[in-house]
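Below is one structure, written out as structure tokens, with a few remarks after it.
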Amino acid sequence: MQKRWKIFEPLSEEQQLQKEHIVETIKCPEMIAEMLIRKEITGIDDIEEFFHPDLNNMHDPFFYKDMKKATKRIILAIEKKELITIYGDYDVDGTTSSALLYLGLKKIGANIDYYIPHRMIDGYGLSLSGVDILKENGTELIISVDCGINAIEEIEQINDLGMDIIVTDHHNPKEELPNAFAIINPKMKDCEYPYDMLAGVGVAYKLLVAVYSQLEIDTNELIDKYLDLVALGTIADIVPLTGENRIIASIGLDRLVKKHNIGLNALIKLAGLSQKELNSSDIVFGIAPRINAAGRMGSAMRAVELMVSVDEEESEELAQIIERENSLRQQIDQRTFQEACDIIEKKYKNMDDTPIIVVSSDGWHPGVIGIVASKLVEKYYRPSIMITFKEGVGSGSGRSITGFNLFDALVSVEEYLETFGGHKYAAGLQILVEYVDLLENKLKKYMNEHVTEDQFIPPLNIDTKLELFEINDNLLEWLEKFAPFGPGNMRPTFFTEQVMIIGFPYNVGKNHLKLKVMKDGCELDLIGFNLGDYLPFLKKGSYVDIAYSLEFNTWQGRTSIQGKLKDLRIAGQDQWDS
């Protein structure tokens with residue numbers, strides 16, 4: 001698919017002076033100083049803080065409006081031995097949040113349990129059936145994690161049943177807020193917390209920090225030990241890895257590598273990742289899909305059981321069950337994706353006249369439609385909503401493209417929806433079958449008013465020009481200091497013009513392109529994932545412009561520098577914006 005190359009403007013004269021100062025002070029390559037300036041990290045102390053994330057730079061949790069009220073209620077429940085139930089969502093963010101609070105509060109004597117709704121039975125978030133179960137079990141205080149901010153009716157029921165609820169969430173609140181005992185959410189309009197991009201598990205972590213602080217318990221010894229769970233949920237939820245999220249991800253990944261959590265260790269082993277130093281990509285593509293599979297194919301309670309397990313044999317059994325569920329999920333994914341593509345090819349004759357994709361079926365598994373919607377966006381580069389029906393009610397999952405706020409679009413059509421919620425780029429909804437066509441027509445109109453043609457060409461953000469002779473181990477070692485990589489802190493992308501293809505390019509795996517290029521006597525091996533369609537246009541000795549990232553690649557004990565190809569053009573084509 002054609003990409004729109006967007007290259008940063010050259011540094012200004014003032015920025016050039018800043019670059020010289022940074023290079024001279026920290027002895028880094030010029031490229032590294034330029035990248036720091038583009039991130040607006042120019043002070044030497046700020047650079048030091050960026051390269052060495054520290055928990056001491058986290059914000060005070062009591063900036064949250066209801067934090068004192070929430071911690072007092074939790075401490076009272078602990079003192080009175082009231083049953084506290086953690087109510088979490090069924091994805092990685094929700095299950096890590098549940099495990100975190102369960103372990104952290106149990107450690108200080110709480111009478112505590114957890115409950116994760118079943119996707120097929122309860123649906124998303126707080127459910128009326130789930131609330132009834134908690135009451136029957138004797139729960140007196142509920143703490144929701146990664147859900148609850150828009151559960152007006154369900155929280156009224158909780159109040160009517162004589163239970164209290166503390167809502168911790170990071171999803172966008174609607175105008176009307178639920179009548180909860182306390183709400184901890186950085187996206188609330190009157191919240192003074194300085195950083196609003198925490199994942200649900202990050203918000204739960206701040207609550208645990210606050211409880212320990214009020215009880216004057218050593219947070220270094222007790223809270224910090226759970227940062228592996230916080231990092232896992234944060235990275236898996238694809239939130240920006242900036243600010244506090246970067247601190248959490250960096251320190252938590254280090255703890256994950258040390259494999260203190262018995263359950264996660266068993267899953268890491270089954271994923272074939274136990275012999276390497278884990279990075280954010282390993283979480284997103286290796287561990288997170290397996291944990292999510294528990295909630296998609298069966299019960300996410302199993303994922304929490306795995307994370308809180310202290311028995312190796314039990315952990316291995318749970319990990320194996322989750323591994324089998326993930327294999328089944330992959331098979332259903334592939335079948336559903338093909339069915340969705342067949343519908344799209346028949347339904348939309350001209351994709352240029354199609355601003356949004358809405359497809360539906362009675363037979364799709366509700367646990368995979370979110371994943372498949374993401375694949376549809378990747379293939380067609382249109383916001384995509386997939387809906388599966390049961391007894392006339394559709395459960396839908398949507399994914400968006402860069403620069404288009406899907407949540408805002410759903411707000412504009414909420415009169416046709418039973419429920420909905422989510423983020424800018426991902427959302428869930430419920431809708432009656434008779435409103436689906438109307439929903440699509442209204443969303444088409446909304447998109448035509450809010451999206452330009454350029455937004456339907458996927459952007460490729462390129463940091464700067466790089467020559468092959470500038471690539472060496474020293475540059476790569478400095479680049480790794482920017483990790484962990486993810487949204488808001490992507491691995492840098494470079495471009496090099498007029499490189500010559502040497503040898504014969506070929507495809508490997510599932511449509512992945514392998515080639516070697518040379519310029520100024522320097523060579524670079526490249527692999528382009530899902531770029532195999534370029535192969536017929538590439539000839540030995542021809543010249544191309546390449547956009548790529550760099551990383552160390554270890555194979556059979558030998559480490560070398562490899563380029564990850566993002567896109568290429570026949571040399572001389574005009575293909576970028578600046």
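At-a-glance table
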{"item": "Degrees separating the helix 67-79 axis from the principal Cα axis of the chain, which is the longest one", "result": "50 degrees"}
{"item": "Sorted by Cβ density within 10 Å, fewest first, the residues C28, C522", "result": "C522, C28"}
{"item": "Charge-dipole axis of the chain as Lys and Arg at +1 and Asp and Glu at -1 on Cβ define it, positive-most pick from L466, L406, M188", "result": "L466"}
{"item": "Computed over segment 57-323, Kirkwood Rh from alpha-carbon pairs, angstrom", "result": "18.2 Å"}
{"item": "Exposure proxy ranking, count of Cβ atoms within 10 Å, fewest first, for S213, S542", "result": "S542, S213"}
{"item": "The chain: calculated mean residue ellipticity at 222 nm from DSSP helix runs of at least 4, using -39500 (n - 2.57)", "result": "-12000 deg cm²/dmol"}
{"item": "Estimated translational D of segment 457-578 in µm²/s (Stokes, Kirkwood radius over Cα pairs; 37 °C; 0.692 mPa s)", "result": "218 µm²/s"}
{"item": "Sites N56 and N179, calculated FRET efficiency, Cβ-Cβ separation with R0 41 Å, nearest 0.05", "result": "0.65"}
{"item": "Relative contact order of the chain, defined on C-alpha pairs under 8 angstrom at six or more residues apart (%)", "result": "12 percent"}
{"item": "Selected from L432, Y446, F420, residue furthest toward positive end of dipole (segment 409-449; charges at beta carbon)", "result": "Y446"}
{"item": "P(r) weight above 21 Å for segment 456-523, C-alpha pairs, percent", "result": "45 percent"}
{"item": "Net length gained if the chain between D437 and H118 were fully extended (0.36 nm per residue, minus Cα distance)", "result": "112.0 nm"}
{"item": "Degrees between helix 13-26 axis and first principal axis of the chain (Cα, 0 to 90, nearest 10)", "result": "80 degrees"}
{"item": "Acute angle (nearest 10 degrees) that the helix 436-450 long axis makes with the longest principal axis of the chain, alpha-carbon atoms", "result": "50 degrees"}
{"item": "Rotationally averaged projected area of segment 272-352 (alpha carbon convex hull; nm²)", "result": "7.6 nm²"}
{"item": "Total charge dipole magnitude, segment 154-213, about the Cα centre, Cβ charges on Lys, Arg, Asp, Glu only, Debye to nearest 20", "result": "320 debye"}
{"item": "Cα-projected label distance for L11 with E30, points at 7 Å along beta-carbon direction, nm", "result": "0.8 nm"}
{"item": "Reach of K69 by Cα under 18 Å, taken over lysines that are not fewer than 8 positions away in the same chain", "result": "K80, K206"}
{"item": "Overall Cα dimensions of segment 348-456, principal axis frame, Å, largest first", "result": "40, 28, 27"}
{"item": "Neighbour-count order for T452, T354, T234, T388, fewest beta carbons within 10 angstrom listed first", "result": "T452, T354, T388, T234"}
{"item": "Members of K349/K564; K65/K445; K379/K539; K347/K514; K174/K259; K6/K445 lying beyond 31 Å, as alpha-carbon distances in this model show", "result": "K349/K564; K65/K445; K347/K514; K174/K259"}
{"item": "Among 87-93, 565-571, 289-295, the order from most to least packed when residues are scored by Cβ within 10 Å on average", "result": "87-93, 289-295, 565-571"}
{"item": "FRET efficiency for K68 and D454, using Cβ-Cβ distance with R0 set to 41 Å, rounded to 0.05", "result": "0.30"}
{"item": "For the chain, share of DSSP beta bridges that run antiparallel, in % to the nearest 5", "result": "60 percent"}
{"item": "Gain upon complete extension [S560, E216; 0.36 nm per residue less C-alpha separation]", "result": "118.9 nm"}
{"item": "Listed peptides 471-482, 544-555 by packing density, highest first (mean Cβ within 10 Å)", "result": "544-555, 471-482"}
{"item": "Contact order normalised by residue count of segment 348-456, Cα under 8 Å, 6+ apart, percent", "result": "24 percent"}
{"item": "Residues N137 and L76, FRET efficiency given R0 of 22 Å [Cβ-Cβ distance, rounded to 0.05]", "result": "0.65"}
{"item": "Positive dipole terminus of segment 233-307, leading residue within V284, A249, A271 (C-beta point charges)", "result": "A271"}
{"item": "Chain lengthening between K225 and K540 when straightened (0.36 nm per residue, less Cα-Cα)", "result": "108.1 nm"}
{"item": "Charged-residue dipole, Cβ positions (Lys, Arg, Asp, Glu), the chain about Cα centre, Debye nearest 20", "result": "1480 debye"}
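Read-outs: derived from the displayed coordinates by stated rules, not from any lab. Small disclaimer: the values here were computed from a predicted structure and weren't measured. Heads up, the Cβs are rebuilt from the backbone with ideal geometry, glycines too, and the neighbour counts pull from every protein chain shown.
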